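S.K.: First the structure, then my questions, so here it is.
Read-outs throughout are calculated quantities, based only on the coordinates presented, and are distinct from any laboratory measurement. Since the model is a prediction, treat every value here as computed from it, not as a measurement. Here the Cβ is made from the backbone with ideal geometry for all residues, glycine too, and neighbour counts use every protein chain on show.
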Amino acid sequence: MENGLLRAIIIGAGMYPSDSQIMGAVEQLFSGIVTGIMHYGFLPVLASAIPKALAIPPSTSFMRSRCGNTWQSIVALAEKRMKSWEHFNSTCVGIRSCENYDCDVLVAEKGTLRRCASCRSSFYCSPECQRISWRKYNHRFRLDSRSRRFSLMTVLNDYQTRKSAIFLQKVEYIHRTGNTNYCLLMEYDSGHCTPQVTASTALEKSFSRHPFATRTAFGGRETHVVRLFPENTEFTVLLRCNTSVLLEGLMRIAQRIPRGTDVYRLEAEIPELFNQLQALAAMQVIEIYS
């Protein structure tokens, strides 16, 4: 792709925008690109190919086609993901968290943590945390590749940028059900994320894929399920947080909302509570996926 293939395809599609076979092949290519945008190793290749494809503007007929709309979306999404890729390589590669899930050490330089001599993949801040992990969580092996860590960081960034809307969903769930037995489903369709707060029981089967997943949201840990389309893959991650204030604040706000209120109209109906919710979402807390 970095040798100009993508550029040649865009030019060819612009010459024959009414050819259904050619446009069908272009759509398949675009689908593959969207799938690869979430993967660490694919982004540098795409970053090299897109400027070459943009060097010659596509034809007007191509840009007005369905493929043209998809192409514009791919370019915008690739630029966003490349910024995440650059940030990851410059600041996040050497950062890890203690893998004792009861430990509050969420961000530490890799050199300050100790690697497990048995699995060679887990890191702990102390021998005591390692013993707790072995005893309480059975120290199950999990892949900790750079690609996996980049995927987790990408999902975490999407969670943080959508936190205000997600918190509104959480308050609505707590207000409606009276409990915090929820999890967050992060659905990616064509590379774009749509978060949805749902009952933990709805995704119970997914939790078995993570050895430490909890079914109840509380201050320090929260289960998130990531679902990717069109490849139809799914994995479970655990959001770890250094404060319980967020959940306590959500519960207080939910309790103050009168019954029958449309929580999604909270900004218009009860501005004071909506502003409190926004302030809660904007709190500077450490959050990391494991």
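S.K.: Gain in length, residue 79 to residue 235, computed as 0.36 nm per residue apart minus the alpha-carbon separation, to one decimal in nm?
M.R.: Numbers: separation 156, 0.36 × 156 = 56.16 nm, distance 2.50 nm.
Extra length from residue 79 to residue 235 when fully extended: 53.7 nm.
S.K.: Right, something else. Assuming R0 = 35 Å, can you tell me the calculated FRET efficiency for the pair residue 283 and residue 66, based on Cβ-Cβ distance, to the nearest 0.05? Before the final figure, lay out the partial values.
M.R.: Values: r = 42 Å, r/R0 = 1.20.
After rounding to 0.05, the efficiency reads 0.25.
S.K.: Relative contact order of the stretch 152-289: what whole-number percent is it, with Cα pairs under 8 angstrom and at least 6 residues apart? Intermediate results must be reported in sequence, preceding the final value.
M.R.: Values: 217 pairs, mean separation 35.1, N = 138.
Answer for the stretch 152-289 is 25 percent.
S.K.: Provide the descending list of Cα extents for the stretch 5-90 along its principal axes, expressed in whole angstroms.
M.R.: The principal-axis extents, from largest down, are 44, 22, 19 Å.
S.K.: Separate question: Let me understand the stretch 152-289 better: what is its radius of gyration from the alpha carbons, and its Dmax, in angstrom?
M.R.: Using the Cα atoms of the stretch 152-289, the pair Rg, Dmax is 14.7, 43 Å.
S.K.: Moving on to the next point. Which whole-number value in Å³ per residue fits the convex hull of the alpha carbons of the chain? Write out the running numbers ahead of the final one.
M.R.: Values: hull volume 47.3 nm³, N = 290.
Cα-based convex hull of the chain, divided per residue, equals 163 Å³.
S.K.: For the chain, what is the calculated [θ] at 222 nm in deg cm²/dmol (nearest 500), taking -39500 (n - 2.57) for each run of four or more DSSP H residues and dividing by its residue count?
M.R.: On the way: 12 runs with 140 residues, N = 290.
My calculation for the chain gives -15000 deg cm²/dmol from helical runs alone.
S.K.: Arranged from highest to lowest average of other beta-carbon atoms within 10 Å per residue, in what order do the peptides 156-163, 18-25 appear? Provide the component values of the computation, followed by the final result.
M.R.: Details: 156-163: 16.5, 18-25: 11.9.
Taking the mean over residues of other Cβ atoms within 10 Å, the ranking is 156-163, 18-25.
S.K.: Using the Karplus equation 6.51 cos²θ - 1.76 cosθ + 1.60 (θ = phi - 60°), what ³J(HN,Hα) coupling, rounded to whole Hz, does each residue of the stretch 17-31 give in order, writing x for Gly and Pro?
M.R.: With coefficients 6.51, -1.76 and 1.60, one gets x, 9, 7, 5, 5, 5, 5, x, 5, 5, 4, 5, 4, 4, 4 Hz.
S.K.: Want the number for residue 189 to residue 256: 0.36 nm per residue separation, take away the alpha-carbon distance, what's left? Working shown, then result.
M.R.: Numbers: separation 67, 0.36 × 67 = 24.12 nm, distance 3.55 nm.
Taking residue 189 through residue 256 to full extension adds about 20.6 nm, to one decimal.
S.K.: For the residue pair residue 87 and residue 114, what label-to-label distance in nm results when each label sits 7 Å from Cα along the Cα-to-beta-carbon direction?
M.R.: 3.3
S.K.: To one decimal place, what orientation-averaged projected area in nm² is obtained for the convex hull of the Cα set of the stretch 38-187? Walk me through the intermediate numbers first.
M.R.: On the way: hull surface 51.9 nm².
Taking a quarter of the hull surface, the average projection is 13.0 nm².
S.K.: If you build the Cα gyration tensor of the stretch 95-137 and take the root of 5 times each eigenvalue, what three semi-axes come out, in whole angstrom, biggest first?
M.R.: Details: eigenvalues 45, 30, 11 Å².
Values for the stretch 95-137, descending: 15, 12, 8 Å.
S.K.: Something else about it: Between the stretch 16-41 and the stretch 147-198, how far is it from one alpha carbon centroid to the other, in angstrom?
M.R.: 28
S.K.: Treating the angle as unsigned and between 0 and 90°, give the value, to the nearest 10°, between the Cα long axis of helix 66-87 and the longest Cα principal axis of the chain.
M.R.: The answer is roughly 50 degrees.
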